[in-house]
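Take a look at the structure set out below.
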Amino acid sequence: MDFTTYLRFLFILTGSLLLVLFVRTWVRLPSQAKVELDCSEYGSWCTFKNSVSGSSNGVFIQKGKPKPQQKVDHEKEVAKHPLDPLTVQEIKKVQKIVQQSSIFNHGKFTLHSVVLEEPPKEQVLLWKAGSSLPSRKAEIIAWANGHAYKLIVDLASGKIVDNQISHENGYPAMTMEDMTSAVKVPLKSKQFLEIIGKRGVNVSDLSCLPISLGWFGADEEGRRLIKVQCYSSAGTANFYMRPIEGLTVLVDMDSNEVLKITDKGKDIPLPKAEGTDYRLSAQKYPLLPPLNPISIEQPKGPSFKVDGHQVKWGSWEFHLKPDPRAGVIISQAAIKDPDTGKLRRVLYKGFTSELFVPYMDPSDAWYFKTYMDAGEYGFGLTAMSLDPLNDCPRNAYYMDGVMASADGAPYVRPNMVCIFERYEGDIAWRHTECPISGMEIREVRPKVTLVARMAASVANYDYIVDWEFQTDGLIRIKVGLSGILMIKGTKYENVNQIRSQDELHGTLLAQNIIGVIHDHYVTFYLDMDVDGTDNSFVQVKMAKQTVKNGQTPRKSFWKAERHVAQTEKDAQIKLSLYQPSEFHVINPSKKTKIGNPVGYKVVPGGTAASLLDHNDPPQLRGAFTNNQIWVTPYNKSEEWAGGLYVYQSKGDDTLSVWSNRNRNIEKKDIVLWYTLGFHHLPCQEDYPIMPTVSSSFDLKPTNFFESNPILRTAPNYEKDLPTCAALSE
Ligand SMILES: [Cu+2]
């Protein structure tokens with residue numbers, strides 16, 4: 001190569017290198033790392049080698065992208081299972097039937113709930129897949145002419161087959177329309193406008209909340225009332241942090257009139273907006289250093305199948321449906337026995353029956369804040385669409401909710417529930433031998449679970465409810481709390497200004513902001529059907545035994561004492577660390593080969609009990625939290641722990657009232673009720689939005705299987721796991 005040729009070569013080489021660099025920098029070719037990590041986008045380069053589960057050639061190569069989830073066409077959807085929720089077409093039909101009936105004398109009516117009237121349990125249990133469905137009926141809670149109606153509509157005949165006018169205290173849950181119209185009512189009042197003007201809030205910055213007012217005596221009876229309190233959204237999306245403290249407007253929800261305005265917060269400044277916004281777009285950059293990307297990849301797709309509302313995963317089968325009041329209902333959960341291959345019943349129906357959230361501030365603008373979110377606001381009605389990748393991982397499947405608005409028209413809440421397989425790096429079971437035995441054993445099985453999740457945003461507060469199914473038969477029910485605190489405005493800017501902590505009823509979280517103390521109780525309905533319908537509840541007490549002198553070097557130990565509950569009062573359980581028990585639901589007529597009754601136990605986790613007086617009006621209504629566990633005989637009309645009509649109710653139709661009838665519960669179809677509680681003393685980390693706090697309880701097989709049901713599961717091997725190869729490979 002002569003010198004000129006060498007120079008030309010060098011020039012071309014440098015130019016090419018610069019061009020490559022330019023292209024890589026400006027055209028943003030995917031980096032090697034990106035290609036390797038993004039399994040779903042670069043699916044065709046994902047490999048999955050499976051030798052344990054015996055694929056024919058031991059190597060699986062994903063062709064193209066994994067199939068995206070098929071969207072359900074709700075206009076054409078038909079029910080396939082007796083418990084499937086009402087479809088769009090069915091709700092339309094119900095709306096027409098009600099509109100054309102003379103039941104409300106052709107006057108104005110609102111529908112507060114339109115759901116499936118589930119067929120009798122015996123019929124559902126007898127139904128076989130593929131056979132025709134029992135007659136489809138709708139249960140409607142309506143409000144008309146100052147009365148609550150419960151109607152049953154037969155969809156085939158188009159007739160209203162039952163019509164009951166409520167004579168009970170209490171009203172149906174609010175509709176979304178009730179809430180959105182109530183918050184506008186104060187604007188009609190000159191007095192209200194003057195007050196907010198004096199507080200320095202523009203009407204255009206007002207954000208108001210409809211606050212259920214509980215029940216505190218005869219003055220508030222006979223009409224549907226709501227208290228409206230307002231905030232300033234000037235300078236922040238987090239208006240909850242800027243309360244117009246002490247200003248409460250009592251509104252009649254039917255006439256849309258202002259009945260009373262109370263202003264007890266004239267001297268309390270509006271807390272400032274700075275630092276309250278939680279949105280990504282409002283954060284000061286730079287953000288915190290990110291963690292490396294992480295995701296669960298399933299190149300072969302998930303191991304579960306969803307057919308309509310039927311879910312099958314591993315040994316589990318269950319029915320899952322969104323519900324406007326409960327959020328999510330799990331039905332007919334059954335697990336395949338590893339020895340016989342037969343499906344065995346565990347839970348006929350489980351759901352969030354009621355929530356009770358009393359605040360601990362007795363002042364005028366706060367004493368009534370004793371929310372019952374399912375029966376007053378609708379736990380499902382307030383369950384918004386989940387945010388893919390953040391609410392649920394990339395491998396999640398989404399289920400929509402189909403509900404009815406106040407005029408009876410159907411609407412779809414997309415992605416209301418998600419279902420996904422979870423692998424957290426946990427261990428399903430393990431054992432390693434140590435050098436003492438001289439045996440080289442290391443047997444470990446990874447734990448993978450299936451989660452069904454919903455998240456409700458009841459105004460400021462967010463509740464995440466997970467139903468998590470384990471391969472070993474355990475069901476974990478977990479509640480997470482996040483969202484935004486209910487804030488009380490204060491003149492204090494620093495703790496050193498406060499003369500007595502008694503004035504606070506909470507924690508000073510920022511200047512002029514108090515997070516008020518409160519509780520959360522979430523009560524679950526669990527119709528256990530362990531290996532059949534008739535079950536018994538057994539309290540297994542851990543009873544301390546004292547050793548008589550000289551019998552043994554020990555002085556004490558504990559024994560398990562079984563007490564079979566005969567009647568409901570035997571099963572009213574208050575948890576205590578110093579009087580511990582296990583709580584079994586057994587099938588007394590089914591025994592294991594060696595003779596133990598088959599059962600499931602409810603295993604409490606971290607929880608809390610209400611400290612309110614039992615005769616305090618909020619606690620009368622929330623009396624279903626007086627015990628952590630209750631057991632009642634199955635009764636179709638006893639599903640909502642606070643009563644069917646909770647709004648402004650006095651508490652005369654609660655789980656506590658039913659249970660005190662003391663009915664027989666031995667060898668009966670029984671329902672177990674469990675209340676998960678949280679005491680919440682806010683702290684600064686809860687401001688301006690709370691990191692999620694969770695607690696859970698378990699339903700765990702107890703002598704249900706002959707032995708460890710997941711003994712014959714395979715461990716993980718590197719070669720079995722999905723890997724993502726680079727583009728060049
Ligand atoms: Cu809380």
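The values are calculated or read from the model by the stated rules, or taken from the named source; none is laboratory data. Remember, predicted model here, so these are calculated numbers, not experimental data. Please note: Cβ atoms are built from the backbone with ideal geometry, for glycine as well, and neighbour counts cover all protein chains shown. The protein model used for the area step is the full one, side chains on, heavy atoms only, and it has no ligands, DNA or RNA in it. Shrake-Rupley method; radii C 1.70, N 1.55, O 1.52, S 1.80 Å.
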Evaluate the charge dipole of the chain about its Cα centre and quote only its size in Debye, nearest 20, assuming +1 on the Cβ of each Lys and Arg and -1 on the Cβ of each Asp and Glu. 1260 debye
Under-5 Å amide H pairs with Ser113, H placed in peptide plane, nonlocal only: Ile141
Any idea of Ser135's accessible area? Nearest 10 Å², probe 1.4 Å. 70 Å²
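Taking the highest mean first, how do the peptides 302-309, 422-429, 614-621 order by number of other beta carbon atoms within 10 angstrom per residue? Walk me through the intermediate numbers first.
On the way: 302-309: 15.2, 422-429: 12.1, 614-621: 17.8.
Going by the mean number of other Cβ atoms within 10 Å, highest first, we get 614-621, 302-309, 422-429.
Taking a ≥ b ≥ c as the square roots of the Cα gyration tensor eigenvalues, with a/c under 1.5 meaning rounded and otherwise prolate when a/b beats b/c, else oblate, which class fits the stretch 321-459?
Prolate shape, in that a/c is at least 1.5 and a/b is the bigger ratio.
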Using a 1.4 Å probe on the protein heavy atoms, what percent of the accessible area of the chain belongs to carbon and sulfur? 54 percent
The distance between the Cα centres of the stretch 410-430 and the stretch 486-502, in whole Å, is 42 Å
Among Pro299, Asn512, Pro633, the residue whose Cα sits farthest towards the positive end of the charge dipole of the chain (+1 at Cβ of Lys and Arg, -1 at Cβ of Asp and Glu, taken about the Cα centre) is Pro299
Put Met241, Met439 in order of accessible area, largest first, 1.4 Å probe: what do you get? Met439, Met241
Note down the relative contact order for the chain as a percent, whole number, built from C-alpha pairs under 8 angstrom at least six residues apart. 14 percent
For Lys590, what residues show an amide H to amide H distance below 5 Å, using hydrogens built from the backbone and excluding near sequence neighbours? Val598
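Provide the packing ranking of 338-347, 572-581, i.e. peptides ordered by the mean count of other C-beta atoms within 10 Å per residue, highest first. Display every interim value, and only then the final one.
Details: 338-347: 15.6, 572-581: 12.8.
Highest mean packing first, the order is 338-347, 572-581.
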Which ³J(HN,Hα) values in Hz, rounded to whole numbers, follow from the phi angles of the stretch 595-602 under the Karplus curve 6.51 cos²θ - 1.76 cosθ + 1.60, where θ = phi - 60° and Gly and Pro get x? x, 7, x, 6, x, 10, 10, 8
Would you kindly derive the ³J(HN,Hα) couplings of the stretch 642-653 from the backbone phi angles with the Karplus curve 6.51 cos²θ - 1.76 cosθ + 1.60 (θ = phi - 60°), listing them in order in whole Hz, with x for Gly and Pro? x, x, 5, 10, 8, 4, 6, 6, 8, x, 9, 9
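Of Lys121/Lys591; Lys184/Lys636; Lys488/Lys650; Lys544/Lys591; Lys150/Lys349, which ones are farther than 31 Å apart at the Cα? Numbers along the way, then the final one.
Values: Lys121/Lys591 24 Å; Lys184/Lys636 38 Å; Lys488/Lys650 27 Å; Lys544/Lys591 28 Å; Lys150/Lys349 22 Å.
Check vs 31 Å cut-off fails for Lys184/Lys636.
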Once every DSSP H run of n ≥ 4 in the chain is given -39500 (n - 2.57) and the sum is divided by its residues, what mean residue ellipticity at 222 nm do you get, rounded to the nearest 500 deg cm²/dmol? -3000 deg cm²/dmol
So if we plug the beta-carbon distance of Lys284 and Tyr578 into 1/(1 + (r/R0)^6) with R0 = 45 Å, what FRET efficiency do we get, rounded to 0.05? 0.35
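Can you tally the net charge around Arg199? Count Lys and Arg as +1, Asp and Glu as -1, for every other residue whose Cβ sits under 12 Å from the Cβ of Arg199. Intermediate results must be reported in sequence, preceding the final value.
Details: positive: Lys198, Arg242, Lys266; negative: Glu194, Asp205, Glu245, Asp263, Asp267.
Result for the neighbourhood of Arg199: -2.
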Of the listed peptides 653-659, 540-546, 173-179, what is their order by residue-averaged count of other C-beta atoms within 10 Å, with the highest listed first? 653-659, 173-179, 540-546
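Using a 1.4 Å probe, what is the accessible area per residue for the chain, in Å²? Show your work: numbers first, answer last.
Details: 35760 Å² over 729 residues.
Each residue of the chain exposes 49 Å² on average to a 1.4 Å probe.
At most 15 other Cβ atoms within 10 Å and a DSSP loop assignment: could you name the trypsin sites (Lys or Arg not before Pro) in the stretch 63-124 that fit? Could you put the intermediate results ahead of the total?
On the way: sites: Lys63, Lys71, Lys76, Lys80, Lys92, Lys93, Lys96, Lys108, Lys121; in loops: Lys63, Lys71, Lys76, Lys80, Lys108.
Those that pass, being in a loop and sparsely packed, are Lys63, Lys71, Lys76, Lys80, Lys108.
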How far is the Cα center of the stretch 229-277 from the Cα center of the stretch 551-587, in Å? 50 Å
Among the aspartates and glutamates, select those whose C-alpha is under 17 Å from the C-alpha of Lys128, and discard any that sit fewer than 8 residues away in the same chain. Asp84, Glu118, Asp307, Glu317
Hey, rough spin-label estimate for Thr692 and Glu177, points 7 angstrom out along Cα→Cβ, what's it come to in nanometres? 3.5 nm
Any residue on another chain or 5+ positions along whose placed amide H is under 5 Å from the amide H of Glu493 is listed here as Asn512
The stretch 457-538: GluC sites (Glu not before Pro) in DSSP coil with no more than 16 other Cβ atoms inside 10 Å: Glu493
First measure r as the distance between the Cβ atoms of Ile427 and Phe557, then evaluate 1/(1 + (r/R0)^6) with R0 = 30 Å and state the FRET efficiency to the nearest 0.05. 0.50
